[in-house]
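Peer 1: For reference, the structure I am asking about is given below.
The values are calculated or read from the model by the stated rules, or taken from the named source; none is laboratory data. Owing to the predicted nature of the structure, the values given are computational and were not obtained by experimental measurement. Virtual Cβ from ideal backbone geometry, glycine too; neighbours counted across all protein chains shown. Side chains included, ligands, DNA and RNA excluded: accessible areas come from the protein's heavy atoms. Shrake-Rupley method; radii C 1.70, N 1.55, O 1.52, S 1.80 Å.
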Amino acid sequence: MGDRGSGPALVIAAVVGVASAAAVAAALAIQFGLPPQSQVAFEPTPDYTAGVMFPALGAYIAARRPRLPIGWLMIAGGVFEAVSVLTSALLVQAENGGDLDTAALYRIVGAGTWSLGGGFLAILVPLFAIGGRRPSKGWGVFGVVAAVIIAAQTALRVGRPTPPAPTRGMSSVIPNPLDFGIPREVWVPVTDTLWLAEQGCILLALVSMVVRMRGADAETRRAVAWPALTFAVYAVLVVTGDPAFHAFLVGWVALIPVSIAFSVLRHGLFGIDDVLSRTVVVAGTVAGVSAVYFATGAVFSLMAAEYDILAGLAAALFAGAFYQPLRRLIQRGMDRLLYGPVGDPRLLTARLVEEVRNADPAEALAAVVDVVRDGLAVGGAAVEVVNGLHVTSGQVGAAPRELPLVWHGEPVGRLLLGAPGGGRFGAAHDERVVATLLPYVADVAHAVRMASDLQRSRERILAAREEERRRLRRDLHDGLGQTLGAMAMTLNMARLNIKGSPATADHLLRDLRSGMDAVAGDIRELVYGLRPPALDDLGLVEAIRTLAADTLDAGTATHVSAAGPMDDLPAAVEVAAYRIAQEALTNVRRHAHAKRVSITLALEGGLLTVRVADDGIGLPEVRRAGVGTASMRERAAELGGSCAITAPDTGGTVVAARLPLTGAM
């Protein structure tokens with residue numbers, strides 16, 4: 001930043017900016033002080049706006065970047081305009097006072113500065129508007145030609161023939177002491193020709209911005225887009241010369257120096273693509289809806305001329321029906337035009353769906369992150385899933401933007417976006433892309449999470465199955481197997497002693513009887529570990545009623561109810577419901593200090609609901625899931641169901657498990 005403003009440049013720029021604004025203010029004061037018949041010589045023109053805004057913002061640019069020509073060109077052109085406005089007011093004042101010689105001098109200065117100011121601001125300034133620097137060699141030649149035309153136009157205006165009659169708002173003819181002696185019949189067509197040439201230079205100056213913008217990098221294109229847009233509107237209004245746009249042109253000129261300041265100093269903070277996109281979308285939508293409205297009204301008026309109210313109602317309905325589809329169509333077209341295929345959210349969505357469809361389940365999230373990164377043109381993107389999975393593409397940086405991923409009201413993770421790239425899209429376009437892609441990212445994150453949970457569940461089930469097999473093998477081999485082996489040896493010894501020593505044989509048979517009782521007990525324990533026998537003996541409802549009576553304290557009132565047939569439930573559902581109720585009742589006895597417990601079983605629509613509610617102390621403020629809580633949820637999840645533990649406002653704790661019957665088939 002070696003071209004930061006120095007002290008002298010800062011002082012000069014500030015003085016010029018203030019002086020120019022003061023000159024315009026003085027001109028307005030003089031005009032309002034003139035008699036009413038003389039005030040008709042004045043009308044609002046862009047010169048007033050240019051005389052204030054261009055020097056002020058040109059001074060700001062020159063103070064910040066004194067080596068750039070654009071600031072000084074803006075100052076020069078604006079000062080010329082301010083002097084032109086002031087001398088025009090002084091001219092009328094002098095003519096009104098009868099001092100025609102002084103008025104003639106003011107006319108010469110005013111005509112010259114007006115011509116120079118317009119040429120500087122409308123032709124030379126656009127040539128330097130890209131980054132504030134000099135144009136290329138080819139456009140530099142055009143600048144020289146334009147300068148010659150401006151100089152010739154200025155000379156002809158300064159040396160014009162004395163007019164044959166007073167101009168508007170004046171009572172006397174102002175003589176021209178610098179009259180070049182050119183016949184008026186020659187002066188007028190030559191001046192008109194130079195005027196047309198100057199208008200052509202204005203259009204070429206705008207074309208130069210567009211041409212040079214096409215070959216520039218993304219940052220430069222964004223920098224030049226602001227002044228190009230404001231100059232384009234100005235050029236159209238000036239060349240057409242429609243008086244209806246005159247008042248609008250006066251205000252629009254103020255935006256040109258503002259846009260140049262953005263371009264030179266702070267263009268990165270504003271998105272011209274957003275402004276252009278929104279402008280086209282709004283204008284196109286209004287035009288399209290208006291056309292539909294008037295066309296529909298005209299057609300219905302011809303068909304049913306006597307029912308005007310029907311024509312208006314039909315036109316309003318048709319216009320309303322066309323509004324949203326038309327707006328979306330124009331918006332997609334602008335996104336495609338400004339940002340290419342990657343800028344259309346609809347095409348990005350199609351690409352995302354295709355990537356997910358073709359990718360392996362484990363790689364789907366990585367494909368989604370790549371699409372999001374490309375679609376938003378950021379340095380990096382990442383997705384963090386609540387189960388700990390983290391997928392990154394590029395570098396998100398130390399302070400990324402965080403967006404929550406929510407799937408049907410359930411948080412499933414977050415999307416992290418890095419810093420925008422050099423050719424980033426506008427903020428509004430970013431939000432459209434994010435709003436379009438975020439639900440798809442949340443869906444994929446949820447699917448990946450569920451796949452990961454399913455895989456872990458399968459691993460746990462496999463591990464539990466193998467552990468159960470190991471336990472059964474150990475119990476059968478080390479316990480029941482050895483006991484049966486010992487019983488066989490006892491039986492053989494009893495056979496050997498049954499004739500020679502009946503008493504010994506009888507003692508051995510008694511031991512064998514005791515051993516058989518022990519084996520029967522071991523077998524019952526093994527069977528009970530596989531499935532509670534109470535389910536087969538009593539059924540689910542009575543088994544839970546008995547379980548509650550055996551588990552809870554004597555002072556706890558228990559109520560067990562059932563809705564729906566409970567006799568033909570799948571075995572896995574019965575065991576899961578029994579074990580969940582068992583764990584919930586154990587927690588009530590240990591922690592709740594409840595006086596009343598209600599257990600409800602309901603079967604409806606292929607879903608068994610188990611609800612255990614108590615009136616105890618409820619859940620602690622800081623909860624930590626224990627083994628029992630995890631066990632209940634895992635048993636419900638194995639069947640594709642769910643288990644929730646809540647504390648209602650009325651107090652106590654509610655355990656509600658939903659077990660689908662189809663998950664146990």
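Peer 1: Go through (1) at pLDDT 85 or above; (2) part of a loop (DSSP other than H, G, I, E, B) one by one and return the number of the condition Glu621 breaks.
Peer 2: Unmet for Glu621, out of (1) at pLDDT 85 or above; (2) part of a loop (DSSP other than H, G, I, E, B): (1).
Peer 1: In the stretch 377-409, what count of residues is obtained for those that are over 21 Å from Asp443 (Cα atoms), among the aliphatic types (A, V, I, L, M) and buried (at least 17 other Cβ atoms within 10 Å of the Cβ)?
Peer 2: Of the residues in that region, 3 qualify.
Peer 1: Here's a follow-up. Would you confirm whether or not the stretch 205-221 contains a residue that is open to solvent by less than 50 Å² (accessible area, probe 1.4 Å) and either closer than 30 Å to Leu100 by Cα or at pLDDT 80 or above (or both)?
Peer 2: Yes, the conditions are met somewhere in the stretch 205-221.
Peer 1: If you check Leu329, Leu302, which single one turns out to be of a type outside the set (Asp, Glu), assigned to a helix (DSSP H, G or I) and modelled with pLDDT of 70 or more?
Peer 2: Exactly one residue qualifies, and that residue is Leu329.
Peer 1: Another question, then. Going through Pro532, Pro565 one at a time, which residue ends up being under 56 Å from the mean Cα position of the chain (by Cα) and surrounded by 12 or more Cβ atoms within 10 Å (Cβ to Cβ)?
Peer 2: Just one listed residue meets the conditions, Pro532.
Peer 1: May I ask you to verify whether Ala602 is assigned to a helix (DSSP H, G or I), within 47 Å of the chain's Cα centre (by Cα) and surrounded by 13 or more Cβ atoms within 10 Å (Cβ to Cβ)?
Peer 2: No; evaluated as a whole, the condition is false for this residue.
Peer 1: Could you list, in sequence order, the residues of the stretch 1-43 that are in contact with a helix residue (DSSP H, G or I) (Cβ under 6 Å, 6 or more places away or on another chain), open to solvent by 30 Å² or more (accessible area, probe 1.4 Å), under 24 Å from Ala94 (Cα atoms) and modelled with pLDDT under 75?
Peer 2: Ala41, Phe42
Peer 1: Restricting to the stretch 439-458, count the residues that are aliphatic (A, V, I, L, M) and either open to solvent by less than 40 Å² (accessible area, probe 1.4 Å) or touching a Cys at 6+ places or on another chain (Cβ under 8 Å) (or both).
Peer 2: 5
Peer 1: So which residues in the stretch 122-165 are open to solvent by 40 Å² or more (accessible area, probe 1.4 Å), modelled with pLDDT under 80 and either touching a Gly at 6+ places or on another chain (Cβ under 8 Å) or among the aliphatic types (A, V, I, L, M) (or both), if there are any at all?
Peer 2: Arg134, Ala165
Peer 1: Does any residue of the stretch 44-53 turn out to be touching a Gly at 6+ places or on another chain (Cβ under 8 Å), at pLDDT 80 or above and open to solvent by 40 Å² or more (accessible area, probe 1.4 Å)?
Peer 2: Yes: the stretch 44-53 contains one or more residues that are touching a Gly at 6+ places or on another chain (Cβ under 8 Å), at pLDDT 80 or above and open to solvent by 40 Å² or more (accessible area, probe 1.4 Å).
Peer 1: Which members of the stretch 381-396 meet the condition of being without any contact (Cβ under 8 Å) to a residue 24 or more places away in the chain and in contact with a Leu (Cβ under 7 Å, 6 or more places away or on another chain)?
Peer 2: If the condition is that a residue be without any contact (Cβ under 8 Å) to a residue 24 or more places away in the chain and in contact with a Leu (Cβ under 7 Å, 6 or more places away or on another chain), then Val396 is the only one that fits.
Table: residues versus (1) surrounded by 11 or more Cβ atoms within 10 Å (Cβ to Cβ); (2) at pLDDT 75 or above; (3) over 60 Å from the mean Cα position of the chain (by Cα).
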| residue | (1), (2), (3) |
| --- | --- |
| Ala464 | yes, no, no |
| Arg469 | no, no, no |
| Asp475 | yes, no, yes |
| Gln482 | yes, no, yes |
| Thr490 | yes, yes, yes |
| His507 | yes, yes, yes |
| Arg524 | yes, no, yes |
| Tyr528 | yes, no, no |
